[in-house]
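First up is the structure itself, then whatever we jot down about it.
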Amino acid sequence: MERELVEALGIVAGCCTTAAFAPQVVRTWRTRSVADISLGMYGLFCLGVALWLVYGLLADSLSVILANGATLVLALAVLVMKLRFGRKGRQPLDGDD
């Protein structure tokens, strides 16, 4: 396949996977509810996406750069909301004192 076609495929795939985060960002912002969001998962996910972004920059892959740049912004938004909204009125779980 030509490089342009491969990059176009990557851009379309990146748009799909990145767009999947938008509803979570909007819902979390509207409800301010973060109880069911895993801090560890989003922290590790943001690290992984940041590393993919660096990889894309080093490999000069526009599709990897665009997809992971946009995904990192959305995932970081959820992570920041988890940290900010999670501090208010936190109720301990059984055994979580």
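The values are calculated or read from the model by the stated rules, or taken from the named source; none is laboratory data. Not measured: the values here are computed from a predicted model. FYI the Cβ positions are ideal-geometry reconstructions off the backbone, even for glycines, and counts take in every protein chain you see.
Points to keep in mind about this one:
- For Arg87, the criteria (1) in a helix (DSSP H, G or I); (2) among the basic types (Lys, Arg); (3) surrounded by fewer than 18 Cβ atoms within 10 Å (Cβ to Cβ) hold in every case but one, which is (1).
- Residue list for the range 9-39, filter: free of Cβ contacts under 8 Å to residues at least 12 places away in the same chain and not in a loop (DSSP other than H, G, I, E, B): Val12, Cys16, Ala19, Pro23, Val26, Arg27, Arg30, Thr31
- Test set (1) touching a Gly at 6+ places or on another chain (Cβ under 7 Å); (2) modelled with pLDDT of 95 or more - Leu66 fails condition number: (2)
- Residue that is farthest from the chain's Cα centre (by Cα) [pool: residues in the range 58-79 that are part of a helix (DSSP H, G or I) and among the polar types (S, T, N, Q)]: Ser63
- Verdict on Tyr55 being surrounded by 13 or more Cβ atoms within 10 Å (Cβ to Cβ), hydroxyl-bearing (Ser, Thr, Tyr), modelled with pLDDT of 95 or more and part of a helix (DSSP H, G or I): yes
- Flag for Gly10 being surrounded by 12 or more Cβ atoms within 10 Å (Cβ to Cβ), of a type outside the set (Val, Ile, Thr) and within 18 Å of Gly69 (Cβ to Cβ): yes
- Top-ranked residue in the range 35-45 [being within 15 Å of the chain's Cα centre (by Cα) and either crowded, with 18+ Cβ neighbours inside 10 Å or of a type in the set (D, E, K, R) (or both); ranked as nearest to Glu4 (Cα to Cα)]: Phe45
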